[in-house]
Amino acid sequence: MSDRNQGETDEARAEDLLRQAQDFADQVIAPRAAEWDRTNTYDIDTLREASRFGWMGLQVPRDQGGLGLPFSVKSRLSEVLAGADFGFSLSLINSTNIGYKLCRDAPHLAERYLSDLISARRLGSTALTEPGAGTDFAAISTTATRDGDGWRLNGTKAWIINAAASDLIILYAQTEPGSRGAGIAAFLIDGQREGFSRLDRFELSGQHSIGVGGFELKNYHARDDEMMQAPGQAFKYALTDINGARTYVGAMCCGMVAAALKIAAEYGRRRETFGRRLVEHQGWRWSLGEADMDLAAARALVRHAEARIDAGLEARFESARAKLFATRMAERHLPALAQLMGAEGLSAKYPFGRHIQGAKISGFVDGSSEILLDGLSMQYAKG
Ligand SMILES: Cc1cc2nc3c(=O)[nH]c(=O)nc-3n(C[C@H](O)[C@H](O)[C@H](O)COP(=O)(O)OP(=O)(O)OC[C@H]3O[C@@H](n4cnc5c(N)ncnc54)[C@H](O)[C@@H]3O)c2cc1C
């Protein structure tokens, strides 16, 4: 097959995948999401149901059992799913990331764990944050100490997506206390081994579908070949990988606003006040126009960052702009769109409340808004 045909085929496969995702979002996630929030549920069964489409292996090469699609398709998938539920989308994507990173950085570990991850028999997480270190990632205190043919790990991780059930975790630990980023290494942790224990799932005020929690490592033994990135490399890799995460979190904000805009517009075409449909009141309608404009701008930033990542180009500033702008856009427009619905906007049958909480989460995960602003402005502080 020529390269051109292969390219067209991938495009068609991506379109099929996104159509499938929209159906799954509308028919499966949206009807269940309000119940997840009401009953404080992290729904692993629905994650497993979603895995039948192969999404957990989206970026895994086809000859290794994956779909072999580029980053931008994962980002678009996250956008579609977040339109129904932000937490579910972020949970699925976080597990998806682990299989891909094993293929990319540790093929010997991929051989061992990939089929479990693709089938969602086992779920994955990425663990940087600790009770005492969030934005200041270089300050982590989980230690990795040399021990014979491997390493002994000790410490606690907190605020980790999927931690309520995941047991294949890419975890960052300090090999030289006091050295900050220079001593940080990344390990694959198998949570079915001795030395690993799970903390109780964290109680949030909403978006329980994200399955956030923590782990404790007590003398956990990692073999040498389970070090995924050596001291020094891990910190740099984490800062590069986070560009992808920032981009898809921006895409998820777009997905939530697009869904809210559609619901509010449909409502406005049905509901009448003062003898006219809501959409016929100019003062009511303008909020739709404002959201439409900012959504298009946020999407353009997200698509630009996705394209750079697909092309293997540096995307530090592009991803920071995309996430910061899209988060702010969602924080502004989701409450405004809920307002258009009157009291109905507060009903649990609509996603406005859950989406507003999703936008707040977006302001912390994979780089808080303040840290993104700091990075963007810092370039102007240099002479
Ligand atoms: C739902 C959820 C899921 C998460 N999932 C994961 C995950 O899967 N894996 C993972 O490793 N982590 C995860 N996190 C953690 C997330 O990355 C951290 O919450 C984030 O890095 C902020 O750290 P912190 O909460 O400890 O805030 P802190 O570092 O304590 O900061 C507190 C506040 O001060 C601001 N601030 C800090 N320093 C500065 C500064 N220099 N200038 C200006 N403002 C500053 C911060 O932006 C923040 O608003 C998750 C968090 C949430 C809420």
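The values are calculated or read from the model by the stated rules, or taken from the named source; none is laboratory data. Model, not experiment: these values are computed from the prediction. Please note: Cβ atoms are built from the backbone with ideal geometry, for glycine as well, and neighbour counts cover all protein chains shown. Just the protein is used for accessible areas: all its heavy atoms, side chains included, with ligands, DNA and RNA removed. Shrake-Rupley method; radii C 1.70, N 1.55, O 1.52, S 1.80 Å.
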### Query
Per residue, how much accessible area does the stretch 126-231 have with a 1.4 Å probe, in Å²?
40 Å²
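With the radius of gyration and the Kirkwood radius both derived from the Cα set of the stretch 3-122, what is their ratio Rg to Rh?
Values: Rg = 14.5 Å, Rh = 14.7 Å.
Reported Rg/Rh (Cα atoms, Kirkwood Rh): 0.99.
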### Query
Could you give the dipole magnitude of the stretch 1-106 about its Cα centre, charging the beta-carbon of Lys and Arg +1 and that of Asp and Glu -1, in debye to the nearest 20?
260 debye
### Summary
Measuring from the longest principal axis of the C-alpha atoms of the chain, the long axis of helix 86-105 (C-alpha) lies at a number of degrees, nearest 10, equal to 40 degrees
### Task
Specify the inter-centroid distance of the stretch 176-223 and the stretch 327-363, based on alpha-carbon positions, in whole Å.
32 Å
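Beta carbons within 10 angstrom, averaged per residue: use that to sort the peptides 120-127, 41-48, highest first. Working shown, then result.
On the way: 120-127: 23.5, 41-48: 17.5.
The peptides rank, most packed first, as 120-127, 41-48.
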### Query
Using Cα atoms only, what is the angle between the long axis of helix 369-381 and the major principal axis of the chain, expressed in degrees (0 to 90) to the nearest 10?
80 degrees
### Task
Sort 134-141, 155-162, 66-73 for me by packing, meaning the mean count of neighbouring Cβ atoms within 10 Å per residue, highest on top.
155-162, 66-73, 134-141
### Query
By what distance, in whole Å, do the Cα atoms of the stretch 234-381 stretch along each of the three principal axes, largest value first?
61, 29, 25
### Message
Per-residue counts of other Cβ atoms within 10 Å, averaged by peptide: what ranking do you get for 33-40, 94-101, highest first?
### Response
94-101, 33-40
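At 222 nm, what value in deg cm²/dmol follows for the chain if DSSP H runs of at least 4 each add -39500 (n - 2.57) and the sum is divided by all its residues, to the nearest 500?
Working: 11 runs with 199 residues, N = 383.
The per-residue figure over the chain is -17500 deg cm²/dmol.
Give the calculated FRET efficiency between residue 108 and residue 233 to the nearest 0.05, with a Förster radius of 30 Å applied to their Cβ-Cβ distance. Each step should come with its number before you reach the end.
Values: r = 17 Å, r/R0 = 0.57.
E(calc), rounded to 0.05, equals 0.95.
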### Message
Please report the carbon-and-sulfur percent of the accessible area for the chain; probe 1.4 Å, protein heavy atoms only, DNA, RNA and ligands left out.
### Response
51 percent
### Task
Name the most mobile residue of 316, 270, 354, meaning the one with the largest mean-square fluctuation, in a Gaussian network model of the chain with Cα contacts below 10 Å.
270
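Beyond 23 Å, what percent of the Cα pairs of the stretch 126-231 remain? Could you put the intermediate results ahead of the total?
Details: 1207 of 5565 pairs.
Value for the stretch 126-231 (Cα pairs over 23 Å): 22 percent.
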### Summary
Counting every C-alpha pair in the chain, the percent lying more than 25 Å apart is 56 percent
